[in-house]
Amino acid sequence: MGAIEPLPSIPALAAGGATLSLSHVAKSFTAGAGAFVALEDFSISVAAGEFVAIVGSSGCGKSTLLRMLAGLETPDCGEIRADGAPVAGTSLDRGLIFQEHRLMPWLTVEQNVALALANIPGSRSEKQQLVQEHLALVGLAGFERAYPRQLSGGMAQRASIARGLVGRPRILLLDEPFGALDALTRSRMQDELQRIWQLERITMVLVTHDVEEAVFLADRVVVMTPRPGRIHSVAEIALARPRERTNAEFGEAKARILRVLGV
C-alpha cells in the first residue's frame, strides 16, 4: 500500500473531548459453578481531550473495563461518569473500536462506515464526503463497494477503524484496534491516530498489549495488575509530539513500563 494521504480538514461533528471518571468500580462474572473478579476497586479520572492507554497481562480486565466505559456492561459497584453524567447504556458520544472488525457482511465497505453517521445531523453529500475521506485515511480508497468477504483481515479492520472515527465521537474507546494489521500499516495507523487526536482533541482510551504503542500514543499509561484487575501504577509520558520511536527518551519510557510489567 502506498503512503496514506493526510486529511486536509475534517468537519468537527463533536465539540472536542469529554471527561471520564471511574470511582471504585468492580465487576465479576460467573464461570461454571463459581465466579471470578475481573476488576476490583478501579478508580481514575481522564481529562477532556486526554489520551490514556491501559496495559496489562491477558485476563486482567482491560477489555471488560472498556466495555463498561462504552455502556455495554454495567459495574457491580462503583460509578462511571462521562462529562459528569452517569454512563447508562451506549451513546453516540462514545465510540468503540473492537479487536474484531464486526462489519455487516451484507453491506459494502462504504455502507458499513456510513452506519456510524445514521443518527448524526448532516446532508447526504456531507456524510458521503466524510465516508470517502476516512476510507482514504485508512488506505481503502478504491474499495468502497467491496464486501467484507472480499477483504483481507487487515483491510476489514481498517474499515472498522474508519467507522469508529467517521462520526467524530467525543470519547473514542479502542480495544487493540491495530492488532490485525501488518507492522507497516499498524505504524502508519498509529501515526494517523496521533495526528487526528492532536487535531480534534477527542478523549481516547486505548487498551493494548503493545507497550511501544501505548508510549507512542498516550499522555498516561495505566499499568494493571493480573486478575483481579487493579491499577498497579500510572506512568506520565512527558514526550513532545509528534513522537519518534527511535529517540532515547522514548526508549527509556518504554523500558520503564516494561520493568513494571516484569518483562
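What follows draws every value from the coordinates through simple rules; no lab data is involved. What you are looking at is a predicted structure, and each value in this text was computed from that prediction instead of being measured. Because the Cβ atoms are built from the backbone with ideal geometry, glycine has one as well, and the counts that use them run over all protein chains shown.
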Residue-wise HN-Hα coupling along the range 95-112, computed from phi with Karplus coefficients 6.51, -1.76, 1.60 (Hz; x: Gly, Pro)
x, 9, 10, 8, 5, 8, 5, 6, 7, 6, x, 8, 10, 6, 4, 5, 5, 4
Cα-based Kirkwood hydrodynamic radius, the chain, one decimal, Å
19.0
Suppose the chain between V37 and R102 were pulled fully straight at 0.36 nm per residue; how much longer would it get relative to their current alpha carbon spacing?
20.7 nm
The simple spin-label model distance between N119 and S57, using points 7 Å out along Cα→Cβ, in nm, is 4.0
Note the full-extension length gain between A240 and D191 as 0.36 nm times their separation in residues minus their Cα-Cα distance, in nm to one decimal.
16.2 nm
How high is the relative contact order of the chain, given as a whole-number percent (alpha carbon pairs under 8 Å, six or more residues apart)?
27
Top positive-direction residue, dipole computed over the chain with Cβ charges, set G251, G17, H101:
H101
Below 8 Å, C-alpha to C-alpha, sequence gap of six or more: please give me the relative contact order for the range 99-168 in percent.
51
Sites H209 and Q128 - FRET efficiency at Förster radius 41 Å, r taken between beta-carbons, to 0.05
0.70
Need the full-extension length gain, T74 to H24, defined as separation in residues times 0.36 nm minus the C-alpha distance. One decimal, nm.
16.7 nm
per DSSP, antiparallel bridges as share of beta bridges in the chain, % nearest 5, sits at 55
In nm, give the distance between the simple-model label positions of Y147 and A248, each being 7 Å from the Cα along the Cα-to-Cβ direction.
5.7
